[in-house]
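So the structure is just underneath, and the comments pick up after that.
The values are calculated or read from the model by the stated rules, or taken from the named source; none is laboratory data. Since the model is a prediction, treat every value here as computed from it, not as a measurement. Cβ atoms come from the backbone with ideal geometry, glycine included; neighbour counts cover every protein chain shown.
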Amino acid sequence: MAGGAPVPIPVSDTILSIADLEEAASKKLGRTAKDFYNSGSTEQVTIRENSTAFSRYRLRPRVLVDVSGVETSTQVFGRTISFPLCVSPAGLQAMAHPDGELATSRACAKRGVNMAISSYSNYSIQAVRSAGIGAGLISHAIQLYTMKDRAMQERIIRTAEAEGCSAIFLTADSPVLGVRYNEWRNDFRTPEGLAYPILEKTTEDIRRQTHDGTFVGFNQDSHSWDREIPWLRSITKMEIWIKGVLTAEDTELAVKHGCDGIIVSNHGGRQLDGVMATLDALPECVEAAQGKTRVHVDGGFRSGTDIFKALALGAECCWVGRPAIWGLAYDGEAGVSLMLETMHNDFRRCMQLTGCQTIGDITKASLARIDSDGRLKRL
Ligand SMILES: Cc1cc2nc3c(=O)[nH]c(=O)nc-3n(C[C@H](O)[C@H](O)[C@H](O)COP(=O)(O)O)c2cc1C
Ligand SMILES: CCCCCCCCCCC(=O)C(=O)O
């Protein structure tokens, strides 16, 4: 663990994998909440692809390597994290467990990884930061949409700065909401009693509208690189990361605008259905970045081997959305800790069994791709 005293590792006889956790959590959630969290948009093509893309790669292990001192730590936002996995911004976590984002923040801090706070958090930036800082070591990013209300956007940024957040994750893939049939079929409304302090809304404000209606009210559909990035740069010294990049062209624009990093993301398949899996988009983004901006990735990461594959393709760090929600729904903070521990153990074991002593040892040579002719090709 990076700094701080070791934290007791939660163990479970029944939850051995993230698939086990998903199943157990889904049984605990009501149908509407389960559909809201677990679904993608329209035909569910991209959410499915996010997971299946991993199976097009195979590992190329090296043997007879001394892996007794395997070191999983890496750097994100200028600090050491215990392994290259952090928790993506996901709204409405108190629907999964009353402690919501507070529990996620504590679990991340205890595992020594970072967390991004959604604008739709049910707890304030101050509360989420304090919960994490009180539990261990953690850096937070604040997730922002491109919003119509610039004054509110600036208030969020000022609060995030004052609370010591390290970065802005500007979600660039959401000028409008993706089409999520489950929300229409279930007439999804957020449960009573939940607050949206970052967006300065009460539960009643939000409950009056559909999710789509809320997005249309808040989000800026006339956004652009030139409108958003120079303005953000002019008002804050926090790092600026663009979340939702899937192409070389947009990576080059992120570099041109001096962004600190990109998150290769398709919003967990919840925005435009039919876009490519993030693992498939990753190589062109890494190539276009040319080391001039940092490249992280999320979407479908469910095992340590998945993390390993993305690192071999050039990602610096991976992020997860739903697995944290499933942890929360299963057992609050302990459930998120269980998720992180499972991923860490799996990643560490994968490094050892591929003969990697440090993160730097994970390279293209660690991977082969199954091509359309069914043959394995070295990268
Ligand atoms: C329930 C839920 C809420 C989300 N809320 C946000 C959000 O508020 N802002 C955002 O940029 N992304 C949001 N996302 C997308 C995640 O940040 C992330 O990109 C995605 O969940 C990664 O895929 P995974 O769930 O397969 O790990 C949300 C995802 C889920 C599942
Ligand atoms: C009925 C109003 C719903 C408002 C709260 C929804 C939380 C939004 C979380 C963001 C999200 O779903 C996403 O980005 O994906």
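Kindly indicate whether T214 is within 16 Å of ligand 2 (Cβ to nearest atom), of a type outside the set (D, E) and farther than 28 Å from V113 by Cβ.
yes
Residue by residue, here is whether (1) within 16 Å of ligand 2 (Cβ to nearest atom); (2) outside any strand (DSSP E or B); (3) among the charged types (D, E, K, R) holds:
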| residue | (1), (2), (3) |
| --- | --- |
| L279 | no, yes, no |
| C285 | no, yes, no |
| A288 | no, yes, no |
| G291 | no, yes, no |
| V295 | no, no, no |
| F301 | no, yes, no |
| K309 | no, yes, yes |
| G314 | no, yes, no |
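Scan the range 224-253 for residues that are more than 14 Å from ligand 1 (Cβ to nearest atom) and over 23 Å from D149 (Cα atoms) and jot them down.
Answer for the range 224-253, where residues must be more than 14 Å from ligand 1 (Cβ to nearest atom) and over 23 Å from D149 (Cα atoms): T247, A248, E249, D250, T251, E252, L253.
Hey, among the residues in the range 74-96 that are within 23 Å of Y120 (Cβ to Cβ) and over 14 Å from the mean Cα position of the chain (by Cα), which one's farthest from ligand 2 (Cβ to nearest atom)?
F77
Based on this model, can you work out whether D280 counts as touching a helix residue (DSSP H, G or I) at 6+ places or on another chain (Cβ under 7 Å) and surrounded by 20 or more Cβ atoms within 10 Å (Cβ to Cβ)?
On the way: touching a helix residue (DSSP H, G or I) at 6+ places or on another chain (Cβ under 7 Å): yes; surrounded by 20 or more Cβ atoms within 10 Å (Cβ to Cβ): no.
In short, no.
Mind counting the residues in the range 355-379 that are farther than 12 Å from I307 by Cβ, in contact with a Leu (Cβ under 7 Å, 6 or more places away or on another chain) and β-branched (V, I, T)?
The total comes to 1.
Taking into account only those residues within the range 167-199 that are touching a Lys or Arg at 6+ places or on another chain (Cβ under 8 Å) and closer than 20 Å to T236 by Cβ, which is nearest to ligand 2 (Cβ to nearest atom)?
Taking the candidates together, the pick is T171.
Quick check on my filter: what residues within the range 109-124 are within 13 Å of ligand 2 (Cβ to nearest atom) and farther than 24 Å from T74 by Cβ? Step through it out loud before you land on a result.
Filtering the range 109-124 down to residues within 13 Å of ligand 2 (Cβ to nearest atom) leaves 116-122.
Hits for the range 109-124 are S119, Y120, S121, N122.
Can you work out which of the residues in the range 239-277 that are in a loop (DSSP other than H, G, I, E, B), within 18 Å of A315 (Cβ to Cβ) and within 13 Å of ligand 2 (Cβ to nearest atom) is nearest to the chain's Cα centre (by Cα)?
Among them, the one singled out is S265.
Filter the range 134-173 down to residues that are part of a loop (DSSP other than H, G, I, E, B), under 18 Å from G321 (Cα atoms) and touching a strand residue (DSSP E or B) at 6+ places or on another chain (Cβ under 6 Å), then give me how many there are.
Selection size over the range 134-173: 3.
Can you run down the residue pairs with Cβ atoms below 8 Å, 6 or more apart or on separate chains, where the first is in the range 207-225 and assigned to a loop (DSSP other than H, G, I, E, B) and the partner is surrounded by 16 or more Cβ atoms within 10 Å (Cβ to Cβ) and among the charged types (D, E, K, R)?
The qualifying pairs are T210/E183.
Can you confirm whether the range 304-311 contains a residue that is away from ligand 1 (no atom under 12 Å from the Cβ) and either over 18 Å from the mean Cα position of the chain (by Cα) or modelled with pLDDT under 95 (or both)?
no
Please name all residue pairs, on different chains or six or more residues apart, with Cβ atoms under 8 Å, provided the first residue is in the range 182-198 and is more than 11 Å from H211 (Cβ to Cβ) and the second residue is in a loop (DSSP other than H, G, I, E, B) and hydrophobic (A, V, I, L, M, F, W, C).
L194/L92
Mind checking whether some residue in the range 106-125 is under 18 Å from H267 (Cα atoms), part of a loop (DSSP other than H, G, I, E, B) and among the hydrophobic types (A, V, I, L, M, F, W, C)?
No, there is no match, as no residue in the range 106-125 is under 18 Å from H267 (Cα atoms), part of a loop (DSSP other than H, G, I, E, B) and among the hydrophobic types (A, V, I, L, M, F, W, C).
Here is a yes/no grid of residues against (1) touching a Gly at 6+ places or on another chain (Cβ under 9 Å); (2) buried (at least 20 other Cβ atoms within 10 Å of the Cβ); (3) on the phi > 0 side of the Ramachandran plot:
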| position | (1), (2), (3) |
| --- | --- |
| Y196 | yes, yes, no |
| L199 | no, yes, no |
| D212 | no, no, no |
| S224 | no, no, no |
| S234 | no, no, no |
